[in-house]
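K.L.:
What follows is a structure written as structure tokens; I'll ask about it next.
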Amino acid sequence: MKNPIIGIMGAMLEEVTGVIALVENPVKQELGMRTYYQGKINGVDVVVVFSRWGKVAAATTISTLITEFHITELIFTGVAGAIAQNVKVGDMVLAKRVMQHDMDSRPLLPQYVIPLHKKIFFENMEEHLQESEKTITEFLTNQQINQQLLEQFNITNPKLWIGDIASGDQFFSSNEQKKQLADAFPTVLCVEMEGAAVAQICTEYNIPWTIIRTISDSADDNSSTDFQRFIEEIASVYAVEVIKLWVTPQTPNKASTSQPVPHRRG
Ligand code: SAH
């Protein structure tokens, strides 16, 4: 069996900085305007990188992780805007399926279909999700984030959702954008700018992927309110704590050891 190497990617510098601080004996390498940090977390080989925003940035970063750093598994953490009505700021979303809401090759192919794959969604294996679900539930149940801080963002009882995520090169900041996506894809829980690109490249190279998003905004007319503070004070803590729990010597074999736990699904 290949030596496991976990690629850890984030689209927010504040989150990635915290994760880099977890890396033991980091070795820094610059490639294609990205900085990759190789080392160990919890005794496991990792490569951590700040991907930058958007599908192109994410696709090129994951390709480099696979072809230059030979990662065997990928975890992506980042923030996202809520699309489904019950998904709230402070909740977390684990991607079961991801799609690109801005892919449109009509009339050559139906809207949203990815030409190379002739399909809309990239789907994660159920067994692969179970251990991540367990890890995130453990974090949300035991998280020690200052209660007053959570209240400032109206976060009372953060939940985990598992389901569909839409990605595209747009920051959603209007009620109209949100409604259009929700109408086209009623199962979509949240919107972001990288996930579907990452899942596509991982699928093409047969690399297991995990995408975990913290809801930072409501993807509507109010979406930029407090965004920066939320990232610095809440999302960065979520990302670091989840990575600490998620990267363990058993990580690559998670699927075979996992037990289902109660959860909420979208
Ligand atoms: N306008 C913000 C920055 C954009 S954030 C600021 O003031 O700093 C873009 C990142 O957040 C991307 O990684 C994207 O995946 C994610 N994201 C969070 N909320 C989003 C939303 N409402 N629409 C699209 N992407 C969102």
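K.L.:
Report the residue, chosen from Asp169, Asp104, Asp91, that carries the largest GNM mean-square fluctuation when the chain is represented by alpha-carbon nodes joined by springs under 10 Å.
P.N.:
So, out of Asp169, Asp104, Asp91, the one fluctuating most is Asp104.
K.L.:
Would you please calculate the Kirkwood hydrodynamic radius of the range 19-137 over all C-alpha pairs and express it in Å, rounded to one decimal?
P.N.:
After inverting the mean inverse Cα-Cα distance, the result is 16.9 Å.
K.L.:
On a C-alpha basis, how far is the centre of the range 1-50 from the centre of the range 127-177 in Å? Whole number, if you could?
P.N.:
Cα centroid of the range 1-50 versus Cα centroid of the range 127-177: 22 Å apart.
K.L.:
Follow-up question, since we're still on this one. Nearest 20 debye, what's the magnitude of the dipole of the range 80-265 about its Cα centre given +1 on Lys and Arg Cβ and -1 on Asp and Glu Cβ?
P.N.:
Computed charge dipole of the range 80-265: roughly 480 debye.
K.L.:
Also, I was wondering about something else. List the trypsin sites (Lys or Arg not before Pro) in the range 115-203 that DSSP assigns to loop (not H, G, I, E or B) and whose Cβ has at most 11 other Cβ atoms within 10 Å. Which are they?
P.N.:
Lys118
K.L.:
Of Asn146, Val48, Gly7, whose Cα points farthest to the positive end of the dipole of the chain (charges on the beta-carbon: +1 Lys, Arg; -1 Asp, Glu; origin at the Cα centre)?
P.N.:
With unit charges placed on the Cβ atoms, the residue in question is Gly7.
K.L.:
At most 12 other Cβ atoms within 10 Å and a DSSP loop assignment: could you name the chymotrypsin sites (Phe, Trp or Tyr not before Pro) in the range 140-205 that fit?
P.N.:
none
K.L.:
In the chain, what % of DSSP beta bridges are antiparallel (nearest 5)?
P.N.:
So the antiparallel bridges in the chain amount to around 40 percent.
K.L.:
Sticking with this structure for a sec: Which percent of the accessible heavy-atom area of the chain goes to carbon and sulfur, probe 1.4 angstrom?
P.N.:
Carbon and sulfur together cover 51 percent of it.
K.L.:
Further, regarding this structure: Give the share of C-alpha pairs in each 10 angstrom bin for the chain, from 0 to the last occupied bin, in whole percents, shortest bins first.
P.N.:
Percent of Cα pairs in each bin: 7, 32, 38, 19, 3, 0.
K.L.:
Hey, another quick one. Once you keep just the Cα pairs under 8 angstrom separated by 6 or more residues, what percentage relative contact order results for the range 80-265?
P.N.:
Across the range 80-265, relative contact order equals 37 percent.
K.L.:
Turning to a different aspect of this structure: Heavy-atom accessible area per residue, the range 72-149, 1.4 Å probe: how many Å²?
P.N.:
Solvent-accessible surface per residue comes out at 46 Å².
The values are calculated or read from the model by the stated rules, or taken from the named source; none is laboratory data. As the structure is a computational prediction, the values presented were derived from the model and not from experiment. When we count neighbours, we look across all protein chains shown, and the Cβ atoms used for this are built from the backbone with ideal geometry, even at glycine. Quick note on the areas: whole protein, heavy atoms, side chains included, nothing else; ligands and nucleic acids left out. Shrake-Rupley method; radii C 1.70, N 1.55, O 1.52, S 1.80 Å.
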